[in-house]
There are 2 protein chains.
Amino acid sequence: MSFPDAKILDVNLANMEVKTRSLPGDVYRLYPGGSALGVYLILQEMPPGIDPLSPDNMLVFSVSPLTGLPVSGQSRVVVTTKSPLTGTIGDSQAGGFFPAALKANGWDAVVIRGRAEKPAYLYIDGDRAEVRPAGHLWGKVTGEAERLIKSENSDEKLEVAQIGPAGENLVRFACIINMNNRANGRNGTGAVMGSKNLKAVVVKKARRTDIYDKELFSQLAGSVKQRLKTNEAVSGLGENGTAGDVTFLQESGYLPTRNWTSGHFPEGADKISGLAMTETILKERDTCFACAVRCKRVVEIPGKVDPLYGGPEYETVASLGSYCGVSDLETIALANQLCNMYGLDTISCGGTISFAMECYEKGLITKEQTGGLELKFGSGEAVVKLVELIARREGFGAVLAEGSRRAAEKIGKEALDYSISVKGQELPAHMPQFKPAVGIIYAVNPFGADHQSSEHDPLLMSPEESNERKWLAQIGLWKGYEDPYVIDDEKIRFAIDSQCFFSMLDTLGLCQFVWGCSWELYGPSDIVELCKAGIGWETSLFELMRVGERRINMMRYFNAREGFTRKDDYLPDRMFDPLPDGPSKGRQMDKQQFAEALDTYYKFAGWDTETGNPTGETLRRLSLGWLLQK
Amino acid sequence: MSFPDAKILDVNLANMEVKTRSLPGDVYRLYPGGSALGVYLILQEMPPGIDPLSPDNMLVFSVSPLTGLPVSGQSRVVVTTKSPLTGTIGDSQAGGFFPAALKANGWDAVVIRGRAEKPAYLYIDGDRAEVRPAGHLWGKVTGEAERLIKSENSDEKLEVAQIGPAGENLVRFACIINMNNRANGRNGTGAVMGSKNLKAVVVKKARRTDIYDKELFSQLAGSVKQRLKTNEAVSGLGENGTAGDVTFLQESGYLPTRNWTSGHFPEGADKISGLAMTETILKERDTCFACAVRCKRVVEIPGKVDPLYGGPEYETVASLGSYCGVSDLETIALANQLCNMYGLDTISCGGTISFAMECYEKGLITKEQTGGLELKFGSGEAVVKLVELIARREGFGAVLAEGSRRAAEKIGKEALDYSISVKGQELPAHMPQFKPAVGIIYAVNPFGADHQSSEHDPLLMSPEESNERKWLAQIGLWKGYEDPYVIDDEKIRFAIDSQCFFSMLDTLGLCQFVWGCSWELYGPSDIVELCKAGIGWETSLFELMRVGERRINMMRYFNAREGFTRKDDYLPDRMFDPLPDGPSKGRQMDKQQFAEALDTYYKFAGWDTETGNPTGETLRRLSLGWLLQK
């Protein structure tokens, strides 16, 4: 086959061995990048039951054969490891320029094993890769560490993916940061990196020039610029960023507020919305390698918030804002900056803080425990203070650094109800009451609650002739709904098929804003074109969807080995209580209906309804029979 | 959605009511043509348990939204009904000019119900459709009836799909013939037509002009002409027709001989091969509407065989030739002509005659029973005579007109072993010992043994860089094999995925020579292009493969309603005996391995391993939940 081999850099920090190996194209084609490749390597080599923070854990950075091609929405890197937050397979994705540079240096994946005796960083320049001491960088915040690395290498153009102090301190939701503001955010991958004493992976700037069919490729790459001009979804995104969602969700009654006790935040929504950001602190827009969309916010508050650290996305505005009842945008921007400096996942951080606030307000935590800090909803001061304490594992921050679920176990049984998490990972800011298909995916997603692993229900309410609906129809999803709440067979199929679609996007490192259906820039068929024009891969959506399905099943298989079962696929009880106020007042999920929907999901997915795990035949059908022989 | 509505002509012969109705595009898109549409209509309206030859049976002619577009390999019509041969859903496909003309007259399907009091034919001219008397045509052979119809309408350009005397006499493997030589051959659809007293469906010549994207379309349509020039598979096909296979299969040891007691026919193969045909009786090549391939043979033997009736395909050369030990090409050509005149399926006809010959040679039938006819292997005379007797249901022909399995039940238990059939349908001339994936499909195919419902195993032996392998890889099938015999998970996936692919081709009425992978003319991705260029349907192979899967599952569901279960999915015992001679000497299928392969197939397909029927969740996953509510 003409599918390229994968070139893998394999670094054992225990003995400082740096090896190069390759995976033949006909194998790579089954797991063509991202965490599909990551979990493949892990399942091949890592035994079950290891401690995620032990040297036995593997940490895989991977891109795809498409990464670094000069087209919008392709520069994504995925980190795969056993998650210290969830205990499941961990998967975490980031954009920026690092991913394109890594691939342009010739690498499809970097595997990190073992633990360095002393802090170290990995430096990659083409075929040359070396582990260097990083004692002088340890303890430094991201901006400072990146500056030092560039300076000592006399190279301002290096790409640096690093942990901050939070990762060093093994905060279970520490992330990996590149460009000081792009995060492999979720699942605590930064803690794994910290446990290995690895401060950073540093990559020399490079560009790919190997385009398979230049003419076809530039047609495809150029078309997006044309579409951008008239695209309302993206011009809206350009104008107000993802935080533009605040307004829509507030108006619908589904802006998660005060640790999800409400979907209604009338006193704060307008103040923290994307529009408010545009009108106040927005400095400029930023983008990833070769991307014409420029969706990223950069904010500045002189003397308080440095544009170096970017700006808050919708998830961050919600988790550090409405989750905590905070309606001060400057405080959110500052907390966001701190998360990026220390290397903390903003969603889990905000979710854990709002959890603590509810515990505090309900008397489960005392002022003594918090060291005098008043953890009241609405207190921006408390949020900012807690971010610092968590990153440093100081005082009550040491408890919260474990994430809301482990913290709840320490605080007491009642507190468990206030941990709004699945598999220990805090919920992103999309309410299952409004988006039941997303709710199903929260429950079943192999690495805990995630909002970027499937399409969202309201998409099916767009006009039939819209691009988004036309494109969904390419993957067989063309039933429209008047309201988003319905759960029926077709909605569950929407959940699962769009999950496979997103899983494929994540495997190929394609940005879902650009290549998913919802932003109307490129559709599924364009991905097939891209594969052909970019690398001469003659594929189809049939093969690609199966790639996505395969990745999910490998991840579930990993989890099954670790003892996860159906009981771990749940939604927090709160989702089944009626919402108390606002436009969504009274709305709640139905427990029985949800359990039946899960049953249906498992059956459609080919998973055992008792255990929730892929059946042997499902694995075999997906060319994963080798797992059963292991 | 922009998917077109289906326009359906609905004719009730009981009261001569002719109605027009339409199926909305968003429903049609789920069942977009062929027997997918046919079985949809039947499942909607026809109760289980009816006698296939009663007026209660429905007979559906259907094409697809692509039929009649001016591109190679699209003029196919499918007839769907409950089969009088198998008792399962019946599906039978034909090429020619009739299909394109039917669609160009504006029709996507013609449904026939009831039974006319007197022989009748249906005449269609655009929106106008009428039932006309056909008493004067009854009893006429096809060539004569077609001549009369054209003459009485003063229109030489009419397209006529008709039954011959065999259909009138309810021979259970009677077919429907158009152009006097294209057959909706299998499953006895001609008998159903006969039971309705319907002699013919006659369509006025017409041409489509509604091409969605003319430029893209002509690029696509033109490319095949270019490929044809250098295409070895097709130039071989052009040179010696499908009967060219005789040589390859004889050399491999897998030319079914003397009722499948051997795969070795050294005394006859050369004499009946495609090459022999080319060198002796071949007159010219013929083609279907707009097709550049011209695969059809036309033979002539002055005073004996009329070119009007075309020429024998490989299946016919084998079934009326090597199956019966007959090595005289002229006799085969004559028997083929008789089958086309009388309207008999050549495969079941040859298979039933060779069955009778074995019974005779083994003493289970006496010369008395046959009316003095010596049914010895090798007797061309007996073959020709039996074709006539069967068509007329005269003498011993009346027994054989029931097909080999029903005949065996009359002859005696031992004879059942000699009926080389699945679900009562005689095996086509591809040996499961050589092609185990085809063998699996023989067993599970909803309408009995069929060789055109999946790709054949040896395809996986072509070079990796061949188009056929590249295209198979588009549907995720890229494992190569050094020999064809292996049965492993990937081979079973090849069976099932290629079955879904062919099922989709059959639904869209696309010729598998042109649009399948094996002839290297168009590949799967070109079908997606065709849908877009031809009718503006933006689809993907993901959607299309599911269309194919849906059709198979609907058919299996139909069968389940009729009481079919796993016990009906078998191969004749003979396949598990060692072959006695020739290059394949000693080769046999393994019973245990085959049973396990079936298990795996069911599991991969989402069918119950006990019953072999689609599970409820499989139906629901395929948007067929409505069947469960019925």
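How far apart, in nm, are the 7 Å Cα→Cβ label points at A:Glu232 and B:Glu215?
If labels sit at A:Glu232 and B:Glu215, their model points lie 2.8 nm apart.
Counting only the heavy atoms of the protein chains, how much of B:Ser195 is accessible to a 1.4 Å probe, in Å² to the nearest 10?
So the heavy atoms of B:Ser195 present about 10 Å² to solvent.
At a probe radius of 1.4 Å, what is the per-residue accessible area of A:Asp577, in Å² to the nearest 10?
Using a 1.4 Å probe on the heavy atoms, I get roughly 80 Å².
Using the Cα centre of segment B:436-629 as the reference point, and only Cβ charges (+1 on K/R, -1 on D/E), how large is the resulting charge dipole? Debye, rounded to the nearest 20. Don't jump to the answer; show the numbers that get you there.
On the way: 20 positive and 31 negative charges, 116 e Å.
I would put it at about 560 debye.
Among the aspartates and glutamates, which have Cα under 16 Å from the Cα of A:Lys7 when same-chain residues fewer than 8 positions away are ignored?
A:Asp26, A:Asp108, A:Asp125, A:Asp127, A:Asp210
In whole Å, what is the distance between the alpha-carbon centres of segment A:90-126 and segment B:606-630?
46 Å
Quick one: dipole size for chain A, taken about the Cα centre, charges +1 on Lys/Arg Cβ and -1 on Asp/Glu Cβ, in debye to the nearest 20. It would help to have the intermediate numbers written out before the result.
Details: 70 positive and 82 negative charges, 316 e Å.
Rounded to the nearest 20 debye, it is 1520 debye.
Decide, for segment B:1-151, between rounded, prolate and oblate: order the square roots of the alpha carbon gyration tensor eigenvalues as a ≥ b ≥ c, take rounded if a/c falls under 1.5, and otherwise choose prolate if a/b is larger than b/c, else oblate. If you can, show how the numbers build up before the last one.
On the way: a/c = 1.56, a/b = 1.17, b/c = 1.33.
Here segment B:1-151 falls in the oblate category.
For segment A:231-245, what does the Karplus curve 6.51 cos²θ - 1.76 cosθ + 1.60, with θ = phi - 60°, yield as ³J(HN,Hα) per residue in whole Hz, taken in order and with x for Gly and Pro?
For segment A:231-245, the Karplus curve yields 7, 5, 4, 6, 5, x, 4, x, 5, 10, x, 5, 5, x, 4 Hz.
Taking the Cα centroid of segment A:1-63 and of segment B:8-63, what is the distance between the two, rounded to the nearest whole Å?
Taking the Cα centre of each part, segment A:1-63 and segment B:8-63 sit 54 Å apart.
Within 10 Å of each Cβ of A:471-478, how many other protein chain Cβ atoms are there on average?
Average per residue, whole number: 6.
Run through the other copies and list how far each one's label point is from that of B:Lys157, in nm with one decimal, shortest first; the point sits 7 Å from Cα along Cα-Cβ.
Here B:Lys157 shows inter-copy label distances of 6.8 nm.
Quote the accessible area belonging to B:Asp590 in square angstrom, nearest 10, computed with a 1.4 Å probe and with ligands, DNA and RNA left uncounted.
Taking all protein chains as shown, B:Asp590 has close to 80 Å².
With the Cα gyration tensor of segment B:399-489 giving a ≥ b ≥ c as the square roots of its eigenvalues, does the rule (a/c under 1.5 for rounded; else a/b larger than b/c for prolate; else oblate) give rounded, prolate or oblate?
Values: a/c = 3.64, a/b = 2.84, b/c = 1.28.
Since a/c reaches 1.5 and a/b is larger than b/c, the shape of segment B:399-489 is classed as prolate.
Relative contact order for segment A:364-424: what percent, with Cα pairs under 8 Å and sequence separation of 6 or more?
On the way: 53 pairs, mean separation 14.3, N = 61.
Result for segment A:364-424 is 23 percent.
Hey, can you grab everything whose amide H is under 5 Å from the amide H of B:Lys283? Only 5+ residues off in sequence or another chain; H modelled, so Pro and N-termini drop out.
Those qualifying (amide H under 5 Å, at least 5 residues apart or on another chain) are B:Val298, B:Val299, B:Glu300.
If contacts are Cα pairs under 8 angstrom and at least 6 residues apart, what is the relative contact order of segment A:545-612 in percent? Provide the component values of the computation, followed by the final result.
Details: 31 pairs, mean separation 18.8, N = 68.
Relative CO of segment A:545-612 lands at 28 percent.
Taking only C-alpha pairs under 8 Å that are 6+ residues apart, what is the relative contact order of chain B in percent? List each step's numbers first, then the result.
Numbers: 1502 pairs, mean separation 92.5, N = 630.
Once normalised by length, the contact order is 15 percent.
Distance in nm between label sites at B:Asp270 and B:Glu482, each 7 Å beyond Cα in the beta-carbon direction?
3.2 nm
So, in Å, what gap is there between the alpha-carbon centers of segment A:222-297 and segment A:326-357?
Cα centres, segment A:222-297 to segment A:326-357: 18 Å.
Where does the protein assembly as shown land at 222 nm, in deg cm²/dmol rounded to the nearest 500, when only DSSP H runs of n ≥ 4 count, each adding -39500 (n - 2.57), divided by all residues? Before the final figure, lay out each step's value.
On the way: 52 runs with 501 residues, N = 1260.
Only helices count here, giving -11500 deg cm²/dmol.
For a 32 Å ceiling on Cα separation, which of these pairs sit above it: B:Lys196/B:Lys591; A:Lys19/A:Lys157; A:Lys470/B:Lys470; A:Lys204/A:Lys271; A:Lys410/A:Lys491; B:Lys214/B:Lys470? The partial results should precede the final answer.
Working: B:Lys196/B:Lys591 42 Å; A:Lys19/A:Lys157 25 Å; A:Lys470/B:Lys470 28 Å; A:Lys204/A:Lys271 41 Å; A:Lys410/A:Lys491 38 Å; B:Lys214/B:Lys470 28 Å.
As for pairs spanning more than 32 Å Cα to Cα, those are B:Lys196/B:Lys591; A:Lys204/A:Lys271; A:Lys410/A:Lys491.
Could you order A:His136, B:His456 by accessible surface area, starting with the largest, using a probe radius of 1.4 Å?
Details: A:His136 90, B:His456 35 Å².
The residues order as A:His136, B:His456, largest area first.
Give the cross-link partners of B:Lys585 among the lysines, using a straight C-alpha distance below 21 Å as the criterion and excluding same-chain residues fewer than 8 apart.
B:Lys435
Classify chain A as rounded, prolate or oblate from the Cα gyration tensor: take a ≥ b ≥ c as the square roots of its eigenvalues, call it rounded if a/c is under 1.5, otherwise prolate when a/b beats b/c and oblate if not.
Working: a/c = 1.26, a/b = 1.09, b/c = 1.15.
Judged from the Cα gyration tensor, chain A comes out rounded (a/c under 1.5).
List, shortest first and in nm to one decimal, how far the label point of A:Asp573 (7 Å from Cα along Cα→Cβ) is from its counterparts in the other copies.
Distances to the matching label points in the other copies: 6.5 nm.
Heavy atoms only, 1.4 Å probe, whole protein assembly: order A:Thr230, A:Thr615, B:Thr352 by accessible area, highest first. Walk me through the numbers before you get to the answer.
Values: A:Thr230 115, A:Thr615 35, B:Thr352 0 Å².
Final ranking, largest accessible area leading: A:Thr230, A:Thr615, B:Thr352.
Starting from the residue with the highest accessible area, list A:Thr209, A:Thr86 in decreasing order, probe 1.4 Å.
Final ranking, largest accessible area leading: A:Thr209, A:Thr86.
Towards the positive end of the charge dipole of segment A:558-630, with charges on Cβ (+1 Lys, Arg; -1 Asp, Glu), say which of A:Thr609, A:Leu619, A:Leu598 has the farthest Cα.
Checked the options; the winner is A:Leu619.
Suppose you put the label 7 Å out from Cα in the Cβ direction; list, shortest first and in nm with one decimal, how far A:Gly222 is from each other copy's label.
2.1
The values are calculated or read from the model by the stated rules, or taken from the named source; none is laboratory data. This is a predicted model, so every value here is computed, not measured. Using ideal geometry, Cβ is built from the backbone for each residue, glycine included, and neighbour counts are taken over all protein chains shown. Heavy atoms of the whole protein, side chains included, go into the accessibility calculation; ligands, DNA and RNA do not. Shrake-Rupley method; radii C 1.70, N 1.55, O 1.52, S 1.80 Å.
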